[in-house]
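The values are calculated or read from the model by the stated rules, or taken from the named source; none is laboratory data. For clarity, every value in this text was computed on a predicted model and none was experimentally measured. FYI the Cβ positions are ideal-geometry reconstructions off the backbone, even for glycines, and counts take in every protein chain you see. These area figures cover heavy atoms from the full protein model, side chains too; ligands, DNA and RNA do not enter into them. Shrake-Rupley method; radii C 1.70, N 1.55, O 1.52, S 1.80 Å.
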Amino acid sequence: MVSRKTIRLGALLCAAALFLSGCAKGRAQGDSAAPPQDGAMGRYVETFYEMPQEINRNGGVNWLDDGSLTVISFGEGLYRSEDEGRTWRQEETDWFPMIQGVYCLSAVMGPDGTVAASCSGAMPEAARALCGGEEKEEGNYCVFGMPDGEVKIVDFGFTQEDGSCIETFVFKEDGRLFAGDMRGRVYEVDIEKESLRELFMSERSVGYIDFSGEILMAVGHDRLYRYDLQEEVLLPQDETADAWIRQTIPDGTVAWTGGGYPLAVAGSGEPDVIYLASGDGVYRYVPGGNVMEQVIDGALSVFGDADAVLYRFRILEDREFLAVFQPSTGLVRYTFDSSVPSMPERELRIYSLEENQCVRQAVTGYKRSRPDLYVRYETGLSADGSMTVEDALRRLNTEILAGEGPDVLLLDGLPLDTYIEKGMLQDIRPVLDSLGEELFANVTEGFADGTGAVYAMPMCIRVPLLAADREMIGQMDDLEGIAEQTEKFRAAHPQGGIFGISDAGTMLRLFAMVSSPAWTEEDGQPDEAAVAEFLRQVKRVYDAEQAGAVPEHTERLRREAEELVSYGVDPLQYQMEICNNVLRIPQGYAAAAAGYVEGIQLCLDNVTSVLRTENGLDYRIFSGQAPAPYLPVAMVGIRSKTTRQAEAEEFVRLMFRADTQEKIYDGFPVNRAACEAVFQFDEENSDNGSMTLSVADGTEQELLLYWPDRAEREKFTQYVEELKTPVFAQDYLCGLVCEIGKNVLEGERSAEEGAAEIVKKAAVYLAE
C-alpha cells in the first residue's frame with residue numbers, strides 16, 4: 001500500500017491519445033449523434049496527465065499568476081505542478097491544519113495564492129488555538145490563507161438552525177472571490193472586511209460557477225444564471241441554454257456530494273461565447289442564440305465515461321480545452337487535429353430501454369480500446385418522460401424488423417421470449433465459452449435452452465436471502481416449508497412479528513419475487529394450479545403473521561412507511577431488500593427477514609452483522625416455488641442480423657471480463673474474479689460504520705457493521721454457485737397475482753377462485 005505521504009509524479013501519456021468528436025460539424029440540441037458524411041476531417045484529440053491518486057476529495061485545479069497549477073486535497077493538503085500538470089509535489093502550508101479532520105465543502109486557491117476554504121463541524125485544535133481557544137461547535141466557518149502567510153478564520157453567521165453554509169468558493173481571474181451557499185444565495189466575498197455582499201438568490205443552491213468577462217455564470221437546477229458584475233443586475237433568462245440544462249440534468253442535481261459537477265460552464269476569449277460541458281461532451285454557445293453547437297462528443301471522449309466526474313473546465317488559447325476529472329482519470333487536454341477524420345467510419349450501436357450504469361461502464365472500457373470505432377449508446381426512454389415504454393418498444397421493434405436495429409441489446413424490460421422465438425437474437429454461447437471458466441457456470445446454464453444455446457446473459461445478479469433462527473430456517477426449503485415454519489413459530493410464540501409485514505400486497509410481492517417462474521407452462525400460458533398453490537401458501541404465512549400482530553408495532557411500521565414516501569422512497573421496493581428487513585429483527589419487530597442483496601456495503605454486511613449480534617440466527621438462499629432463484633440484471637444479447645458481428649462479440653466479451661465487472665454496482669458480478677474482488681475491496685472484519693436502531697420497546701440500539709470475513713465470503717460465494725433459477729420480470733402476471741391475491745389473503749375469496757380469475761384475465765391479455 002502506498003503511503004499517504006508518498007508523492008506520485010504523473011506521466012504524460014502522449015501515446016494514449018484518443019480521438020474525439022468533430023468540430024467541423026456542430027449539431028442542434030436534441031439531435032442524436034451519427035457519423036457525418038464520408039471525408040469530413042478534423043476533431044479534438046485527448047492527452048492525459050496523471051494526478052496524485054491520494055488526493056481523493058478535492059477542490060479542483062487552480063490556475064496561478066506564476067504559471068503553476070495547484071490542487072487542495074481535503075484530506076492531504078496542497079499539491080502543486082509547475083509543468084502544466086505533468087508532475088505534482090506536495091507542499092506544507094500554515095493553513096491546512098485549520099481544515100484538517102473536519103468536513104470541508106470547498107477549498108480553492110486564487111491567482112495570487114490566497115486560499116479560501118469552507119468547513120462544517122467542530123473546529124480542529126489548530127483552528128481553536130487561532131481563535132483564542134474558542135470553538136465553533138456547529139454550523140459553518142471559513143478559513144482564509146493569505147499569500148504573506150497570515151491565516152484568518154471567519155464566521156459569517158451560518159448555523160445549523162439557519163440550514164445553510166458556504167458550499168462553493170470560486171476566484172475570478174482578477175483575484176476577486178465569490179461564494180454560493182446552500183440556500184441559493186450567491187455573494188461577493190471581502191476577505192479583508194470579513195463580509196459577504198449578496199448578488200442574487202437562485203431558487204435552489206447553484207453548482208458550477210465561472211466567468212465570461214464581467215458576467216458571472218452559475219449553473220442552476222433548471223437554468224443558467226448570468227449576473228452582470230459591472231451593472232450589478234441579473235440578466236434575463238436564456239431559453240436555449242435553460243432548455244439544454246433541463247435536458248442535461250433532468251433531476252436538477254448541480255453538484256455531487258463527493259465532489260465534482262454533472263455540468264460546467266466556462267467563458268472564453270471570444271466575445272459573447274461560452275462553453276458548457278457535461279457527460280454528453282462540450283458545447284459552444286452564443287447567449288441569446290438558438291443552437292448549442294457540439295464540439296466534443298461525450299460518446300468519443302472521457303466526458304461520456306461512466307466513472308468520469310468533472311471538477312474544473314477551462315478554455316485555453318487557440319480553442320484548446322483543459323478538463324479536470326477525479327484523480328483516477330486526471331487532467332485531460334483537448335487539441336484540435338485537422339488531419340484525422342471527424343468521426344470514425346465504423347459504428348457500433350448499444351441499446352437499453354433505460355440508462356444503465358453496467359452498460360455505461362462497458363462502453364467506457366471499449367471505446368478507449370477502439371478509437372477507430374464510434375460506440376453509440378442509446379436509451380429508448382428519454383429522461384424527460386416524453387416517451388412511453390410502449391412507444392419505445394414499438395420504435396425499437398420497427399427498427400429491428402427492418403434490419404436496422406442496434407447491434408447489442410440490454411434486454412431488461414424488453415420482450416425477451418418474443419425476441420428469441422422470432423429469431424431476433426443470436427446464440428452468444430461461443431462468446432461466453434471463450435472466457436473459459438471466468439463466469440459462474442450455473443448462471444450461464446440458467447440461461448441456456450434445451451440445445452445449450454444462450455441468447456441472453458446478465459452482467460450481474462441479485463441474490464434472494466432468508467434469515468431466521470437456525471433451527472427454523474433449516475426447514476424452509478421452499479414456499480410450503482416457509483409456511484409450515486411460520487405456523488409452528490406462531491404456535492410457540494402467540495404474539496410478535498414473524499416477518500414484520502402486515503400489508504398483504506407487500507407480502508405477495510416478496511414471495512412472488514422467488515416464485516413467479518413456476519406460474520407459466522412451457523408454452524407460456526399461466527399455470528392455474530401453480531398460482532392457486534402460491535396463494536394458498538402465502539395466505540398461511542399472512543394468517544400466521546396477522547394472528548400475533550402487535551397493533552403498536554404495526555402502527556410504527558406504518559408511520560415508517562409514510563416517512564419513506566416523504567423522502568421519495570417506495571416502501572414496497574424498500575421491503576424487497578433484506579438489508580432493510582433484517583434490521584427489524586434486532587429492533588424487535590420481526591423474527592425472520594427475506595429479500596434480495598445486490599452488494600456488500602449497507603446490504604450483505606447488514607445481514608452478516610446482525611447475525612453476529614443475534615445468537616442462533618442464520619441465513620440461506622430464499623427459495624419460494626422456484627428452486628434457488630436469482631434476479632438477473634443487465635441481460636445482454638446480440639441482434640441476429642447485426643452487420644458488426646466481430647465488434648459486437650468483442651464488446652459483449654468485454655462486458656463479462658473481470659476488469660469491467662469489478663466496477664458493477666447493480667448486483668453481484670457473474671465473473672468469478674470480479675465477485676471475489678468485490679469482497680476484497682476492504683479488509684475482512686474491518687469497521688464498516690454503524691447505525692442507531694429504534695427498538696420496539698422505545699430504547700435505541702447501536703448496530704456495528706463489519707466487512708464480511710473469509711468464512712462469510714466463502715459461504716455467500718457457495719450460495720451463488722448453487723443458484724439455479726433466473727427470475728424474469730413478469731409485470732402483467734405478477735400484477736394480477738398481487739392485485740387479486742390481496743382478496744385471497746384478506747379472506748374475500750378462496751385461492752382457487754383467485755387463481756381462476758387471474759388465469760381468465762391473463763388469457764384475455766395474451767389474446768390481445
- Semi-axes a, b, c in Å (a largest) for the range 58-136, each sqrt of 5 times a Cα gyration tensor eigenvalue, come to 26, 11, 10
- Accessible heavy-atom area order of D181, D697, highest first, probe of 1.4 Å: D697, D181
- Task: Compute, for F156, the solvent-accessible surface of its heavy atoms (probe 1.4 Å) with the complete set of protein chains present, and express it in square angstrom to the nearest 10.
- Result: 40 Å²
- Task: Quick one: order L736, L572 from most to least accessible surface, probe 1.4 Å.
- Result: L572, L736
- Query: Sequence-distant or interchain residues sharing an amide H contact under 5 Å with L348, placed H: which?
  - Reply: Y374, V375, R376
- Message: Looking at the calculated P(r) for the range 292-397, what percent of the C-alpha pair distances fall above 20 Å?
- Response: 51 percent
- Query: Simple spin-label model, 7 Å along Cα-to-Cβ: R556 to E194 in nm?
  - Reply: 4.8 nm
- Item | Proximal charge balance of Y589 [Cβ under 12 Å; K/R count +1, D/E count -1] | -2
- Translational D (Stokes-Einstein, µm²/s) of the range 671-768 at 4 °C and 1.567 mPa s when Rh comes from the Kirkwood sum over C-alpha pairs? 70 µm²/s
- How large is the Kirkwood hydrodynamic radius of the range 676-727, in angstrom, based on all distinct alpha carbon pairs? 13.4 Å
- Task: Pop out the ³J(HN,Hα) list for the range 721-726 in order, Karplus 6.51 cos²θ - 1.76 cosθ + 1.60 with θ = phi - 60°, rounded to Hz; leave Gly and Pro as x.
- Result: 5, 9, 5, 10, 10, x
- What is the ratio of the Cα radius of gyration of the range 213-348 to 2.2 N^0.38 Å, where N is its residue count, to two decimals? 1.07
- Query: Mind checking the alpha-carbon convex hull of the range 503-596 and giving the volume per residue in Å³?
  - Reply: 105 Å³
- Item | Distance between the range 111-127 and the range 526-546 - C-alpha centres, whole angstrom | 62 Å
- Across the Cα atoms of the range 521-564, what radius of gyration and what greatest pairwise Cα-Cα distance (Dmax) are found, in Å? 16.6, 48
- Note on the structure: Descending packing, highest mean Cβ count within 10 Å first, for 201-208, 119-126 is 201-208, 119-126
- Note on the structure: Here Rg/Rh (Cα, Kirkwood) for the range 368-466 equals 1.00
- Note on the structure: The correct ranking of K422, K172 by accessible area at 1.4 Å, largest first, is K422, K172
- Query: In sequence order, what are the phi-derived ³J(HN,Hα) couplings for the range 603-609 according to the Karplus relation 6.51 cos²θ - 1.76 cosθ + 1.60 with θ = phi - 60°, rounded to whole Hz, with x for glycine and proline?
  - Reply: 9, 4, 5, 4, 5, 5, 6
- Task: Provide the three semi-axes, in whole Å and in decreasing order, of the ellipsoid equivalent to the range 158-256 as defined by the square roots of 5 times the Cα gyration tensor eigenvalues.
- Result: 22, 18, 11
- For 523-529, 661-667, ranked highest to lowest by mean beta-carbon neighbours within 10 Å, the order is 661-667, 523-529
- Which residues qualify? For D337, with a placed amide H closer than 5 Å and at least 5 residues away or on another chain, they are R43, Y44, V45
- Nonlocal amide H pairs with V295, under 5 Å, H built at 1.01 Å: V282, Y283, R284
- Radius ratio Rg over Rh of the chain, counting only Cα atoms, Kirkwood formula for Rh: 0.99
- Placing each pseudo-label 7 Å from Cα in the direction of the beta carbon, S434 and A646 end up separated by a distance in nanometres of 1.1 nm
- Item | Contour excess over end-to-end distance, with Cα ends at D148 and R749 and 0.36 nm allotted per residue | 208.1 nm
- Query: So what's the convex hull volume per residue for the Cα atoms of the range 336-415, in Å³?
  - Reply: 125 Å³
- Item | Stretch gain in nm, segment E92-T717, where the contour uses 0.36 nm per residue and the Cα spacing is subtracted | 220.4 nm
- Note on the structure: Residue-normalised 222 nm signal for the chain, counting each DSSP H run of n ≥ 4 as -39,500 (n - 2.57), nearest 500 deg cm²/dmol, is -8000 deg cm²/dmol
- What pairs from K422/K539; K488/K742; K539/K663; K172/K663; K488/K663; K367/K724 go past 32 Å between their alpha carbons? K422/K539; K539/K663; K172/K663; K488/K663; K367/K724
- Query: How much FRET efficiency would the formula 1/(1 + (r/R0)^6) give for E614 and A549, where r is the Cβ-Cβ distance and R0 is 22 Å, rounded to 0.05?
  - Reply: 0.55
- Query: If you put +1 on each Lys and Arg Cβ and -1 on each Asp and Glu Cβ, how big is the dipole of the range 208-349 around its Cα centre, in Debye rounded to 20?
  - Reply: 400 debye
- Of the heavy-atom accessible surface of the chain (probe 1.4 angstrom), what whole percent is carbon and sulfur? 46 percent
- Task: State the answer as a single residue: which of V610, S623, Y665 lies farthest towards the positive end of the charge dipole of the range 605-692, with beta carbon charges of +1 for Lys and Arg and -1 for Asp and Glu, about the Cα centre.
- Result: S623
- How much length is gained if the chain between L229 and E563 is pulled fully straight, taking 0.36 nm per residue apart and subtracting their Cα-Cα distance, in nm to one decimal? 115.9 nm
- Step through the residues of the range 325-336 one at a time and calculate ³J(HN,Hα) from phi using the Karplus curve (6.51 cos²θ - 1.76 cosθ + 1.60, θ = phi - 60°), rounding each to whole Hz and writing x for Gly and Pro. 10, 4, x, 5, 9, x, 8, 10, 9, 10, 10, 7
- Message: Can you compute the charge dipole magnitude of the range 284-380 about its Cα centre, using +1 on each Lys and Arg Cβ and -1 on each Asp and Glu Cβ, nothing else charged? Give it in debye, rounded to the nearest 20.
- Response: 160 debye
- Task: Would you work out which of T364, F716, G481 lies farthest towards the positive end of the dipole of the chain? Charges go on Cβ: Lys and Arg +1, Asp and Glu -1.
- Result: T364
